[in-house]
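Presented below is the structure to which this report refers.
The numbers here are math on the coordinates, done by the rules we state, and not lab data. Since we're looking at a predicted model, the values are computed, not measured.
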Ligand code: DX5
Ligand code: ZN
């Protein structure tokens, strides 16, 4: 399996000091910036858009930015995020009218593309687009808010997704998002994840490096 990536979700960062927060979490050892986009339509919350992504790039952030779209419709915001400097764009298949087209829009700009599966969304949405996926993201909470508890049934779903990815022969990351903490990341890793989003567990901690180091130690154990 690939090297594991830690992707702090800036949803739990202090938005009044966002550039500094991102600098700090990257200096603490994060690999990727997870960027949660909510539209108060697909999910009952409203967050940040392409202008904030671009602002982070202008601020000097060079790390990959992992844009998690919780919006409907999907396609008309993809171009703006490409222009804003996104590295990954993932979306929820049930929010897109044409899943293959949305993936092609992302891939054709040279970005990494992925599908996001809510806790009750079946994995078969990936079946006919495996060749266009760079990442499969499993939600381990219902999308919309940080600070929720990990839904334990996601571990079986992770194993199922890992088996599908391995059987496909494609080079696809398996990302997990929601309720990830230092004390459950080991079993999440064992179930097959190789990219870990954590919001409240990192940004609510007094020292980001301590938590990220703990997470890496649990992953390696
Ligand atoms: C929820 C978001 C997550 C969230 C994770 O809809 O997609 O990225 O910020 O937050 P924690 O790690 O606190 O569950
Ligand atoms: Zn997310």
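Averaged over all directions, how much area does the convex hull of the C-alpha atoms of the chain cover when projected, in nm²?
The Cα convex hull of the chain, projected and averaged over all directions, gives 10.7 nm².
Please give the length that would be gained between residue 124 and residue 72 if that part of the chain were fully extended, namely 0.36 nm times their separation in residues minus their C-alpha to C-alpha distance (nm, one decimal).
Residue separation times 0.36 nm, minus the Cα-Cα distance, leaves 16.7 nm.
Work out how much length residue 190 to residue 217 would gain on full extension: take 0.36 nm times their residue separation and subtract the Cα-Cα distance, in nm to one decimal.
8.4 nm
Over the Cα atoms of the stretch 111-188, what radius of gyration and what Dmax do you get, in Å?
Here Rg and the maximum Cα pair distance are 12.4, 35 Å.
May I ask for the equivalent-ellipsoid semi-axes of the stretch 103-142, computed as the square root of five times each C-alpha gyration tensor eigenvalue and listed largest first in whole Å?
20, 11, 6
Working from the alpha-carbon coordinates of the stretch 41-86, get Rg over Rh, Rh being the Kirkwood radius.
0.98
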